[in-house]
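Everything on this sheet refers to the single structure shown next.
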Amino acid sequence: MSATVQSLDANATETERELTDGFHLVIEALKLNGVKTIYGVPGIPITDFGRMAQAEGIRVVSFRHEQNAGYAASIAGFLTKKPGICLTVSAPGFLNGLTALAHATTNCFPMILISGSSEREIVDLQQGDYEEMDQLAIAKPLCKAAFRVLHAADIGIGIARAIRAAISGRPGGVYLDLPAKLFGQVMDAEAGQKSLVKVIDAAPAQIPAPEAVKRALDVLKSAKRPLIILGKGAAYAQADDAIRALVEKTGIPFLPMSMGKGLLPDTHPQCAGAARSTVLAQADVVMLIGARLNWLLSHGKGKTWGPAPKKFIQIDIEPKEMDSNVEIAAPLVGDIGSCVSALVDGLGGNWPPAPADWVTTVVSKRDENVAKMAPRLMNNNNPMDYHGALGVLRTIVKERPDAILVNEGANALDLTRGIVDMYQPRKRLDVGTWGVMGIGMGYAVGAAIETGKPVLAIEGDSAFGFSGMEIETICRYRLPVCVVIFNNDGIYRGTDVNNSGTADPATTVFVKGSRYDKMIEAFGGVGVNATTPDELKRAVNAAMDSGKPTLVNAVIDPAAGSESGRIGNLNPQSALKKK
Ligand code: OXT
Ligand code: ADP
Ligand code: MG
C-alpha cells in the first residue's frame, strides 16, 4: 500500500513532497506487524479509519456492540498468541469495550483496545468536548499497559509498544489511545515510513533456571500420588507436544481446567477429569502448568484439597504468581514450552512409572463416575433435561473434534463442561476466570474468523441475552456458527415465583416459552425449535454440515437446573431470609 496522500497546494514549497497521515500510518504499522483482522464498531472519530483499513486489506469486522467486539478480540489473542485488536469510538464505545479489555487481562489473553478519543486540550480543561473523557486514566488500572499517541511520528513506536506489552511475559490487555486529531496529522511520507517499527521476537522464550528444573524433578520424584493440572495458560502456550510427552512419559494422572480440556483428549487413559474431587483431595504432589491457585482451585487449600499435606510445583511465566495462595515448593518460572521441554529432558530414560496403586485409585473413581453418568445421557425426554440434550451434543463434538465449542451459562456451562469431552487443544472457549456472561457471540465470531472452523455455541438463555444481537453479525458475515440455546425460561431455573404479592415476575425468570429461534430468522439464518434430544441432534448436525448460521431453541425443563450451577456454595445467605 502507498501511505502517501496528496501534498498540500496551499504550501507552494510542499507541492513536490509526498505526504502521509495518521490514518495511513496506523494502518501501515498494524500491517507491518502482521495484524490481519480488526474487531470493532464504527463511529466518530474512527469511521474512516475502518473504511481505509478494509480498503488496505485488513479484515474489519463490525459488531453491534463494542463489548462483543472486545470479546472477539480477546479470544483471537488466546487462539493465535498475537494480540486481538478491538477498535472503538470515544467515551461510550471505549467504556463498552473496557469490560472485554479487563477480561482479557484477567484471563492472560493478549489484546489491544484501540479507541479514538476527544481533543486533549478540551478534555484536560474539562470544557465539554464531544464524548469527553480521560480514557487513558480510566483504562490504566484495568489493563497491563496503556499508551497514548499524540504525534503522527510516534505512531510506529506506540503500536510496537502496545504489541510487545500485550504478548510478552504474562499476556494481557493493552489500551492504546488515539485522539481524533492524530488521524488527520500530516507528515513527510518517507519519514513516516521510517518511523514504523516491526516488533522482533515479541514474546521471547523465557528459559527456566537449571536448578529450578532439578528442584521440580526432585519434588516430582518424591511423589506417591502425583497430579498434573493443565490450565488455560498451558493451552495458550501451544506447547502441545512437550506437554503430552511430559504426561505420557511420567504416567501421572492429569486434570484439565475448563479451557485446558482437549490439550490431551478427555478420553486419554490418564485423564482424571471425571475424578476431580478424588485427585484434588488425595494427591500429595501437584504440578500446576499454566493454572493459578485462584477460586477455581479453591486457593490450593481447605476441604477440596483434603487433609493430606501437599507439595506444589508451579510452572508460570509470571514470577509473582508463586506463593500467591500457598507455599510453592518448586517454582518454575519461564514459558511453558521451555519449562516443560526442560522437564522432559530431565526425566531421562529411566523415570519411574507413576505409583500403580495411585493410578488404580484414580482410574477406578473416574470409571465409576463415567458409568454413573452414562445412562442419564441417553434419555429422550420431552421436555429435555440438560443431560439428555448434552448426551447428543457430546456425540456431535466427538464426531467433529476440530469444531470449536463456545460455552456459557450456569447449568448450561457446568454440565456441558463435565459431559462434553474435548479431543483437541484450544477447542473449548468459555467464561474464564471471572465466570463472565456475555462472551458467547463475540467468541463465536472471533473463533470462526480466526480458525475457519465450525463453531458450536452452547448457551444458557440468560447468557445468550448478553450478546444475542450479534446473531445479525454472524448472519452478515455468513459464519459457520450454530448457537444452541438451553432455554429453561430463566437464570438457573424458570420456576421461581415472586412472593411479594405484586404482579411483577420473579427476578430470575424470563418470558415463558420464548422462541429464540425466531430471532435469527429475521436476519436470514436458520431457526429451529427443538423439544427432544432427537430433534436437537438433527438440527445441530444439519447446521454443522451446512455451515449456515443457525440458532436452535432447545426447550429445557424449567425445573431441571440448580441455583448457580456447580457454584451455588458461593452465594451468600442471609440469616434473616424469610422462608
Ligand atoms: O469428582 P466429583 O465427584 O466432584 O465430580 C466432578 C467430576 O469428577 C465429575 N465429572 C464427570 N463425571 C462423569 N463423567 C465425566 N465426563 C465427568 N467430568 C467431570 O463431575 C463433577 C463436576 O466436575 P467439574 O465441573 O470439573 O468440577 P466442579 O466441582 O464443578 O469444579 C469446580 C469449578 C469451580 C472449577 C467449576 O465448577 C467451574 O469451573 N465453574 C465455573 C463456574 C462459573 O464460572 N460460572 C459462571 C458464573 S455463575 C453466575 O455468576 C451467573 N450469572 C451472574 C452474572 C455473570 N456471571 N456475569 C455477568 C456479566 N452478569 C451476571 C448469570 C446472569 S450465571 C448467569 C446466567 C445463568 O442462567 P443461564 O440461563 O445462562 O444458564 P442456566 O443455569 O442453564 O439457566
Ligand atoms: P485456569 O483458569 O485454566 O486455571 P489461569 O488463567 O488461572 O488458568 O492461569 C493461566 C496462567 O498461565 C497464568 O498465571 C499465566 O501467567 C500463565 N501463562 C500464560 N501463558 C503462559 C506461557 N506461555 N508460559 C507460562 N505461563 C503462561
Ligand atoms: Mg437458563
In range of the label at K140: residues from segment 157-174 whose backbone nitrogen is under 14 Å from the point 7 Å along Cα→Cβ | none
Extension reserve of the I567-D402 stretch, reckoned as 0.36 nm per residue once the Cα distance is removed = 56.5 nm
Per principal axis, descending, Cα span of segment 218-275 in whole Å | 29, 23, 15
Please figure out what share of the DSSP beta bridges in the chain is antiparallel and state it in percent, rounded to the nearest 5.
-> 5
Among 509-519, 143-153, the order from most to least packed when residues are scored by Cβ within 10 Å on average = 143-153, 509-519
Size descriptor, Kirkwood hydrodynamic radius, that averages inverse alpha-carbon separations across the chain, Å | 25.4
Relative to the longest principal axis of the C-alpha atoms of the chain, give the angle of the C-alpha long axis of helix 533-546, reported between 0 and 90° and rounded to the nearest 10°.
-> 40
222 nm [θ] for the chain, helices only, -39500 (n - 2.57) per DSSP H run of 4+, per residue, to 500?
-> -11000 deg cm²/dmol
Local net charge near D402, Cβ-Cβ under 11 Å (Lys/Arg +1, Asp/Glu -1) | +3
Taking only the Cα positions of segment 256-330, the convex hull volume per residue in Å³ is 94
Ranked highest first by the average count of other Cβ atoms within 10 Å around their residues, in what order do 198-205, 527-534 fall?
-> 527-534, 198-205
Using a probe of 1.4 angstrom, how much of the accessible area of the chain is carbon and sulfur, in percent?
-> 54
Packing-based ranking, highest mean first, of 299-309, 265-275 given that Cβ atoms within 10 Å are counted = 265-275, 299-309
Hey, what angle do you get for helix 66-80 against the long axis of the chain, alpha-carbon based, 0 to 90 degrees rounded to 10?
-> 70
On full extension of the chain, what length is gained from E119 through A559, given 0.36 nm per residue of separation minus the C-alpha to C-alpha distance?
-> 153.0 nm
Bridge type composition, segment 439-559 - antiparallel percent by DSSP, nearest 5 = 5
Centroid-to-centroid separation of segment 56-81 and segment 461-536 [C-alpha atoms, Å] = 24
By how many nm would the segment from S500 to Q126 lengthen if fully extended, with 0.36 nm per residue of separation less the alpha-carbon distance?
-> 130.0 nm
With every protein chain present, what is the per residue accessible area of the chain (1.4 Å probe, Å²)?
-> 42
From the backbone phi of segment 284-299, what are the Karplus-calculated ³J(HN,Hα) couplings (6.51 cos²θ - 1.76 cosθ + 1.60, θ = phi - 60°) in whole Hz, Gly and Pro given as x?
-> 9, 10, 10, 9, 8, 10, x, 9, 8, 7, 9, 4, 5, 10, 6, 6
Taking segment 128-222 and dividing mean pair separation by its residue count, relative contact order in percent (alpha carbons under 8 Å, at least six apart) = 29
Regarding segment 424-579, what are the three Cα extents along the principal axes, ordered largest first, in Å?
-> 53, 32, 27
Cβ-derived FRET efficiency at R0 22 Å, R476 paired with K453, nearest 0.05 = 0.70
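The values are calculated or read from the model by the stated rules, or taken from the named source; none is laboratory data. These figures come from a predicted structure and were not determined experimentally. When we count neighbours, we look across all protein chains shown, and the Cβ atoms used for this are built from the backbone with ideal geometry, even at glycine. For accessibility, only protein heavy atoms count, side chains too; no ligands or nucleic acids. Shrake-Rupley method; radii C 1.70, N 1.55, O 1.52, S 1.80 Å.
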